[in-house]
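Remarks on the structure that follows.
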Amino acid sequence: MAEQRVFLSCRLFVSKSLEAGLSALNTTVNDVLKFISHSSPRWQTFLVGDVVDEVCQSLEQPLEEHCIDLDVDVPPNTLLTADRDMFRQAVWSLVQNSIDVMPHGGELVITSYESPIGLELEVADSGPGLSEQELQHAIPSSSAGNQGSFGPGLVVVQQIAEFHGGSVTAMNCPEGGAALTIKIPRRAMEAAA
């Protein structure tokens, strides 16, 4: 009987801790979204590779702890005109999402591509990939307030992309895992200059 009370007490503690953690995460995401929607953009031109390097360095410990091999293929001269802090937050959220889906190790690949349309930055992982249902709901609709399958982090990424006139896409990789891509159109970049 005493063991059952201890078990129920522990279960209640874990439940309350989880609830408190989710509440704190929700508050943080709402704060970030409020900041994005109420702040004036600080347009500047910067090297995309520098931002990716900063994010990877800030997440070096969890990458090592989860035994995740990192491969970055961002040309050194790739420039972007955008709000640097917001773009950094978007990249951080995408990388953190990949870390979360690979708790037992894997591979994380970050690549960028410049086209006449604009910049595409892809974060691909060797995690479990996405089901058909997850693919349909992976990218949140900010207007609907949907957090999608990946949770609140992608709400922030989607808002940042939309702030710059861009979008976020999700797909499964042929060799396994998933790839999330943030796209920033050149017309938005040029309008800011």
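The values are calculated or read from the model by the stated rules, or taken from the named source; none is laboratory data. Since this is a predicted model, take the numbers as computed values, not measurements. As a convention, Cβ positions derive from the backbone with ideal geometry for all residues, glycine included, and neighbour counts pool all protein chains shown.
Observations, loosely collected:
- Some residue of the stretch 67-75 being in contact (Cβ under 8 Å) with a residue 24 or more places away in the chain, of a type outside the set (S, T, N, Q) and on the phi > 0 side of the Ramachandran plot: yes
- Those strands (runs of 3 or more DSSP E) of the stretch 43-101 in which at least 2 residues are crowded, with 19+ Cβ neighbours inside 10 Å, considering only elements entirely within it, cover 79-83.
- Residue in the stretch 109-118 that is in the same structural domain as GLU65 (by TED's automatic domain parsing), modelled with pLDDT of 95 or more and buried (at least 19 other Cβ atoms within 10 Å of the Cβ) present: yes
- Failed item, numbered, when LEU154 is tested on (1) over 17 Å from ARG88 (Cβ atoms); (2) modelled with pLDDT under 95: (1)
- Flag for VAL101 being in the same structural domain as GLN159 (by TED's automatic domain parsing), at pLDDT 95 or above and either at positive phi or β-branched (Val, Ile, Thr) (or both): no
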